[in-house]
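See below for the structure under consideration.
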Amino acid sequence: MIRSELIQKLSDENPHLYQRDVERIVNAIFEEIIDALASGNRVELRGFGAFSVKQRDARIGRNPRTGESVAVEEKHVPFFKAGKLLRDRLNGQ
């Protein structure tokens with residue numbers, strides 16, 4: 001599902017809301033999650049999962065085309081851990 005499909009589904013389920021308002025709500029939620037992760041915080045949605053940021057250390061990588069060694073800088077990457085309710089639902093329990 002992509003963002004526009006989510007907005008359309010929420011608009012269809014809530015006919016009393018304008019689609020542009022639903023779009024603003026969805027965008028606001030995503031922006032808050034992004035801002036929290038950017039500032040190093042963890043975002044937990046009970047029953048769904050938790051978003052956090054993991055740090056990957058600098059390392060020496062390899063260019064797969066040439067086999068040449070390449071220095072890979074330290075970086076931060078988003079990480080998602082599914083909640084128990086989500087895992088159980090996916091596994092049919």
Quiz item: If r is the Cβ-Cβ distance from L6 to N41 and R0 is 30 Å, what FRET efficiency results, to the nearest 0.05?
Solution: 0.80
Quiz item: Using 1/(1 + (r/R0)^6) with R0 = 30 angstrom and r between the beta carbons of L90 and R62, what's the FRET efficiency to the nearest 0.05?
Solution: 0.30
Exercise. Note the angle between two axes, namely the Cα long axis of helix 19-38 and the longest principal axis of the Cα atoms of the chain, as a number of degrees from 0 to 90, rounded to the nearest 10.
Key: 30
Quiz item: Nearest 10 degrees, 0 to 90: what angle lies between the long axis of helix 3-13 and the longest principal axis of the chain (Cα atoms)?
Solution: 20
Quiz item: Can you list the lysines whose alpha carbon is less than 30 Å from that of K75, not counting same-chain residues fewer than 8 positions off?
Solution: K54, K84
Quiz item: Carbon and sulfur atoms: what percent of the 1.4 Å accessible area of the chain do they account for?
Solution: 52
Quiz item: Ignoring ligands, DNA and RNA, what accessible area per residue does the chain give at 1.4 Å, in Å²?
Solution: 85
Practice problem: Would you indicate which of [x] 59, 35, 29; [y] 60, 22, 17; [z] 44, 23, 19 is the value of Cα extents along the principal axes in Å derived from the coordinates of this structure? | Solution: [x]
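The values are calculated or read from the model by the stated rules, or taken from the named source; none is laboratory data. Computed from a predicted structure; not experimentally measured. Heads up, the Cβs are rebuilt from the backbone with ideal geometry, glycines too, and the neighbour counts pull from every protein chain shown. For accessibility, only protein heavy atoms count, side chains too; no ligands or nucleic acids. Shrake-Rupley method; radii C 1.70, N 1.55, O 1.52, S 1.80 Å.
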